[in-house]
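The values are calculated or read from the model by the stated rules, or taken from the named source; none is laboratory data. These figures come from a predicted structure and were not determined experimentally. Positions of Cβ are backbone-derived with ideal geometry, glycine not excepted, and every protein chain shown enters the neighbour counts. Please note that ligands, DNA and RNA were not included when accessible areas were found on the heavy atoms of the full protein model with its side chains. Shrake-Rupley method; radii C 1.70, N 1.55, O 1.52, S 1.80 Å.
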Amino acid sequence: MTQSNEQMMLNVRTELGTFPSPVQSNFDLAREALTGRLADDKLDDWAQLGLTISKRTVRSWEAGAELFSASANVQRQLPAGQFISWVKIGDQLCSASPSLAVAYFRASPGAIERLRPRYIGDWAQSCRSLYRGTWKSSALACKLFEATPQLLESLSFDELRRFAEFLEEVSHRSYDMAGDALDKGADLFPKLGRDAGAFIGLANTVADNSWRHVQPMFDAAQYSLVEMPREQRSSFISLVNRLATKEGVDPSRVIRDGARAIGGVGHEWRDTMIDLTHRIAAEGSAEASSAFLTTGPRVLERVTFPQLVEWHGRGMEILAEKPTAAEPYFKNESSQSHEMLDALSSSVELDRVREIIRMYSRMLAGQEIEVQAAQQLVDKNIGWFQGELPTTEGTTIYLPKVINRHPSKDRNFAFYKVISTHQTGHIEFGSFRFSFERPSSMFTDLRPQLVGTNGSALEAVPTEIAEKPQVESPATNNGAPTNGTNEDHSPIPMSRFFDLFPDRKLGNDAFTIFESTRVDSKVMDAYRGLAVSFRSVQDDALGSRPDMTELPAREALVEFMIRISLGQSANLIAPKRHMEVARKLRRLIRLMQQDVAIVEDAAEATIRACAWLTEVKNEELGEDEFDNLDDDEEDDEQQEDEDEEDDLQGIIQAFIESMQPGEGAGDDEESSEQSDEMDMGEDQDYSSPQEVDYRGEFKPELSQLLSQAQMQMMDGAEFADDDMGEMTPLTQEQLEEMMKNSAEVDIQEGQDGEEMSSELAEMLENLLKEMQRRDPQAQSQSSGPMQHVDEDGGPLTPTASDQFVYDEWDFRANEYRPRWCMVHEKEMSSGDTGFYRETLLERASLLTMIKKQFELVMPEMYRKQKRLEDGEELDFDPMLEAVIDLRVGTTPDEKIYWRRNKTERSVAVAFLLDMSASTAEAIEEAKRPNDDWGAPDDPVEYMVWLRSRRTEGLRKSYKRIVDVEKEGVVLLINALETLGDDYGIYGFSGYGRENVEFYVIKDLDEKFTDEIPRRIDRIAPLHATRMGPSIRHATQKLANQDSRSRFLFLISDGRPQDRGYSREGVEKEYAVHDTRMALMEAKREGIVPFCLTVDKQGHDYLKVMMDDFNYEVLPDVSMLPQRLLMLYKRLTT
Amino acid sequence: MATEQIYNQTIIEEYVITDEPYYLPLADEIEIFEAAYHQRVPVLLKGPTGTGKTRFVEHMSWRLGEELTVAKPSTKADASSNGHPESLPLVTVACHEDLTASDLIGRYLLDRDGTRWQDGPLTRAVKSGGICYLDEVVEARKDTTVIIHPLTDHRRTLTIDKLGLVIDAADGFLLVVSYNPGYQNAVKDLKHSTRQRFVALEFDFPDEEHEAQIISHESGCEGENAALLAALGGKIRNLREHGLEEGASTRVLIYAAKLINEGINPRRACQVAVTWGITDDAQVQRSIDEVVSSIFP
């Protein structure tokens, strides 16, 4: 080192000393390291530049300090020339903002490791481009500098640069978002590996198109994209990239759904899946391809992948024909899609066959039977837990939503048939009509005897027994309070019966087996045509039974019973030690298959079986401890009678004994200890057998409770004025007790007592609710909670008899959306008759006039028909001609009679009143045009808006549109009663497609009573106007009338509109077209529709909606009543 | 003579049922009807289609005719010498909505020489003293039903206004009407002034065992299928008012039995004779078919 050099260094050092100490100390360290590695002149430059940087602004000394601290490291990686330019770049940055320089220098050692030297400038430039002189921008730029080393681990420099570009683009909108994206990106890129670049490309696209999606997209990527199979990732990202360029596509959703769709299929199909989506996108429909990814997994639940490809192919055809139809198709919302899937898949969906099964079961059972998805029962949370097993509670049979067990539709349907026949069989053959007292047909009845011997001890003991094997501690949680209710037995016969059993679970299982066997055999006997499918289902069930040798002895014997009941006769094994019991059990099962068996026989058999089974220790058995059971039956038959009677006493004895804990009655400590030892050694907890799939869940106790509640409430009307709780024959305590005891309600017992009781309490509450719901009298007219189903949801399914589902016309797709709207039919509640009477008084003169005119209509009904072949009397003119003909010798015309023909007036008419919120408008105000258009889309806002408008209407005492409508109805009724036409008056409103409310003011076949004026009083403005479904429902009602001419009168105050009824851009058109289609359907049914509106702006859309139909726009609302009647007369005569 | 052989024409008054029509009584309807006949109280038969109303009337006509043949010869010597057994003719009129009064009473017909009066079926039954059976009487126009009023009370007369005549009914005459309350329709209901002139017998479907017996007898179908058909009938009737307006009548079950007898596969026979006959609704058809396939192996 030369002198001058040395001197300069010292000068620099001194000058640096004016800055805070780190600067100088860092410089010293760096100089030491660099000396010798760097030529002197370079070292000079370096020191000078460092000094310049430090001196540049007030805070730039920090940059200097960072420079010196990084220098040694950086220098090692760079040739001298580039090292200096590295410093120079820092200087430039520092001149822009010292903090940039700080970040730059600090990041450099790490970054340069992975950066070619020539890119250093570009790198700094990229980061710097984020800086726009503000504090936030500088923070972002610094952040990028800092993140660079990490980012470069997974990105190439080019990718990094593009990422910076992306950040720059986003930062125009929001620095925070950019920062967030940077953080997430840093986290994400290593996980994406080589696909990171592609993702950055996608990010750029998204940022260019719709920056709002950036953040959700990063979120989605973090979860979904990362987990996506590596092989498909890059092609998937390019797919998303392609879709993201289209407006209306949410990339985060595409990523999430796509990842699920692709991850969900077998790896051999994944590429195809992406390819299929690409193909849709290639045709230009981004929405449809995004929909395809969303729907794909759901479709695949029903069909195989090759079938999905076919389904997709059909969708492509549709896309080519009519692009707008493709989106609903790929969303599986169009009927074409449904049909296609139906044709492809072999699975059978409950929704499709529900009606058939309902009628089928009804025919078999001879009583009203509902059919619902099993999940619905589970959702009620009243004691059923398995959503995929068939079951019944005595009035409804619950079936799995879809059956996909076999490769053919027929066989899957046959399975539905078998399970519904079995469930219906429980109803048809009286499983739930069990009576404690009714004698059995084949046994000596032990039930009464057991009550006699052991009455009061029965209830307290079982809980102890149930707990005993677990802990020996005396801390019983629910054993104590039972004593109080012991005196009177449970009013539910089934509970009373199960109360007899020390081990309710075993009792329940045995009863289930016996009763199901009995029902199966009855079904097979009565429906021999079903026998083939029934037997094959039984065989399948047998095939999936657990291996008996792996079960402990008692459970093995229960399993043994199930196998026999399923018809296994060959290769039956049973525990060697319990051959005798097995033989006896087999005999019991066989007895159940006899013709005369009734439910009480199953009960008696259960008592016997349980007595024998409790004597069998539930111990593990080795495989060699099982043996084939001889199928020599005669032996059994002979012994039968003696066996039976001899055994009785023993059975009762066994029952009494098993009531006592332990063998030695528990009073002697030693013996109880002994028995404990034995228990611990061998006896295991008994657990219920695996369900037989086609038999499903059988809960006689709960079912009887529910059906009894229903029956008692029906004929228990006199109790109705009592307290609601008293109305049920069961007290709440009794019910609680029953639920606790019942083996059917399998609540996880043990660990946490509190949790159990809260779970139970909830279930209890639901159960009480359910029982009340079944009480026909308690069913009051409640408008029900407004539930919202997402507009994107699928078809709807009615769950009650007053719900009806209708298709809706989607004019863009040019097809129906199947089962899209749910109409709730409700009877209008009744108010008072004031309005009716007042109107009659007020409009008395008009009424008399109208009545007169209507009476004139009457005589027109008779017409004399002439020239008939047959009639009352000879018609003079043709008779004369005929006689002349005869005289002349020619053949006379035979038509010589006339008859008074009653051209019977046979008119049925339905009036549909618009009860939308807008009818609350006062008449004067109605002149304000198109007020409804400002209706907000958001449900909450909509209701607020509605309310404010309603109160507005109330404040002014003007007549509202709805009042005029009501007046019209009152007058109409009077006129129509004169004519004797069949007429119905309905109001409609609603909110959303699943809540179309349809109020019956007077049904078509309802007679006019005092009730009707009361209902008219309650006509009031409600919510929105979805006309289509209401029209369809009214059409349905009219179609059932056999009148010669039928009319549908639509009285409205504006265009149809509803949430989701006016869709996307084409808004109003959708509703108008659907309404029009509904009217066309009516016309097809032979119904003449007519629309009367008070919306003066109505002409524009009515021209479309009512093209080909008659309509009238009333210039003055108050004319409505008169005009309505006049129109009616003109139209129907 | 040859014509008679071909057409087997019978003058309306002489339409006498000579062979016993099969009828399986389900309750005391035979005794009631006999009692009503002896007292000449008109009878109204109610019940769904295919429950044997018409068959019952035929059977009673034969039965009461037998009674006459057996009872009367001893008192009326010339009648027995005539060689014709006494008998009770049966005049059946199926009512339809255009049935006018003159369709029942009679009308003028054109003749070579002018006009000629032709008695209607009701008039002829009144004159000859047989049972006049108006089937599905509600179908007839209301003004038509009024003319039967004087025939159904103590007067037992028929007024023929066009001739200016009042005819006293012959001794054996009895009016029997039937209707099907199943078509619950306000328009088509009997007026009370009409319905309260009859004793009413309600007909319903027989229980399974009896129905099986009837099916077996009518079709000649052997035991088992008849029982299965009867079971099917019962099941289908559970759907009445819940998809079906009327259940499967015994008649269609008999048709099915006849087809089965001819060797048609039972499931198919039920489909064509029962399912497709009673409903057009595809879903109801399907569900009935399912019941059929459950019952018939």
Problem set entry | Peptide A:360-367, shielding by other chains (average Cβ, 10 Å cutoff) | 6
For this session: Just check the range A:502-554 against the gyration tensor rule for me: Cα atoms, a ≥ b ≥ c as the square roots of the eigenvalues, rounded for a/c under 1.5, and otherwise prolate or oblate depending on whether a/b exceeds b/c.
Result: oblate
Problem set entry | Percentage of interatomic Cα-Cα distances in the range A:1-119 larger than 23 Å | 20
Exercise. Any idea how far the Cα center of the range A:371-399 sits from the one of the range B:122-172, in Å?
Worked result: 62
Exercise. Tell me, what is the per residue accessible area of the range A:972-1123 in Å², probe radius 1.4 Å?
Worked result: 33
Exercise. Roughly what angle does helix B:208-219 make with the longest principal axis of chain B, taking Cα atoms, 0 to 90 degrees, to the nearest 10?
Worked result: 70
For this session: Give a residue-ordered list of calculated ³J(HN,Hα) values for the range B:106-122 (Karplus: 6.51 cos²θ - 1.76 cosθ + 1.60, θ = phi - 60°; whole Hz; x for Gly, Pro).
Result: x, 7, 7, 10, 7, 9, 3, 9, x, 10, 9, 7, 10, 5, x, x, 5
Exercise. Can you give the Kirkwood hydrodynamic radius for the range A:79-169, in Å, rounded to one decimal and based on Cα pairs?
Worked result: 12.8
Seminar exercise, completed: Rounded to 0.05, the calculated FRET efficiency for the beta carbons of B:Asp207 and A:Phe305 at R₀ = 45 Å is 0.20
For this session: Determine the gain in length on full extension of the stretch A:Thr272-A:Asp893; use 0.36 nm per residue of separation and subtract their C-alpha separation, reporting nm with one decimal.
Result: 215.6 nm
Exercise. Where q = 0.34 Å⁻¹, what log10 of I(q)/I(0) comes from the Debye formula for the range A:87-126, counting one point per Cα?
Worked result: -1.25
Exercise. Taking 1 over the mean of 1/r across every pair of different Cα atoms in the range A:1003-1112, what Kirkwood radius in Å do you get?
Worked result: 15.1
For this session: Determine the shielding of peptide B:226-235 by partner chains: average, over its residues, the number of Cβ atoms on other chains within 10 angstrom of each Cβ.
Result: 2
Exercise. Can you tell me the Rg and Dmax of the range B:171-291, counting just the alpha carbons, in angstroms?
Worked result: 17.0, 54
Problem set entry | Contour minus Cα-Cα distance for A:Asn1040 and A:Asn5 (0.36 nm per residue) | 361.5 nm
Problem set entry | Per-residue mean of C-beta atoms belonging to partner chains within 10 Å, peptide B:285-292 | 6
Problem set entry | Estimated FRET transfer efficiency when R0 is 35 angstrom, pair A:Asp351-A:Glu227 (beta carbons, to 0.05) | 0.60
Seminar exercise, completed: Beyond 16 Å, the calculated P(r) of the range A:548-606 holds a percent of Cα-Cα pairs equal to 42
Seminar exercise, completed: Packing-ranked peptide list from A:866-879, B:236-249, highest mean Cβ count within 10 angstrom first, is B:236-249, A:866-879
Exercise. How would you order A:835-841, A:586-592, A:315-321 from highest to lowest mean count of nearby Cβ atoms within 10 Å?
Worked result: A:586-592, A:315-321, A:835-841
Exercise. Could you give the angle, 0 to 90 degrees to the nearest 10, between helix B:53-75's Cα long axis and the longest principal axis of the Cα atoms of chain B?
Worked result: 40
Exercise. How large is the convex hull of the Cα atoms of chain B per residue, expressed in Å³ as a whole number?
Worked result: 183
Exercise. For the Cα atoms of chain B, what angle does the longest principal axis make with the long axis of helix B:223-237, in degrees from 0 to 90, nearest 10?
Worked result: 80
Exercise. If we count every other residue with Cβ under 11 angstrom of A:Glu301's Cβ, Lys/Arg +1 and Asp/Glu -1, where does the sum land?
Worked result: +2
For this session: May I ask you to compute the full-extension gain from A:Val58 to A:Thr444, defined as 0.36 nm times their residue separation minus their alpha-carbon distance, rounded to one decimal in nm?
Result: 128.2 nm
Seminar exercise, completed: Net charge near A:Cys127 (other residues with Cβ under 11 Å of its Cβ; Lys, Arg +1; Asp, Glu -1) is 0
Problem set entry | Paired Rg and Dmax values of the range B:11-62, which use every Cα atom, in angstrom | 11.7, 34
Seminar exercise, completed: Protection proxy (average C-beta count within 10 Å per residue), highest first, orders A:510-519, B:154-163, A:362-371, A:880-889 as A:510-519, A:362-371, B:154-163, A:880-889
For this session: Give me the accessible area buried between chains A and B, both sides summed, with a 1.4 Å probe, in Å² rounded to the nearest 100.
Result: 3000
For this session: Under 12 Å from the Cβ of A:Met822, count the other residues' Cβ atoms, weight Lys and Arg +1, Asp and Glu -1, and hand me the total.
Result: -2
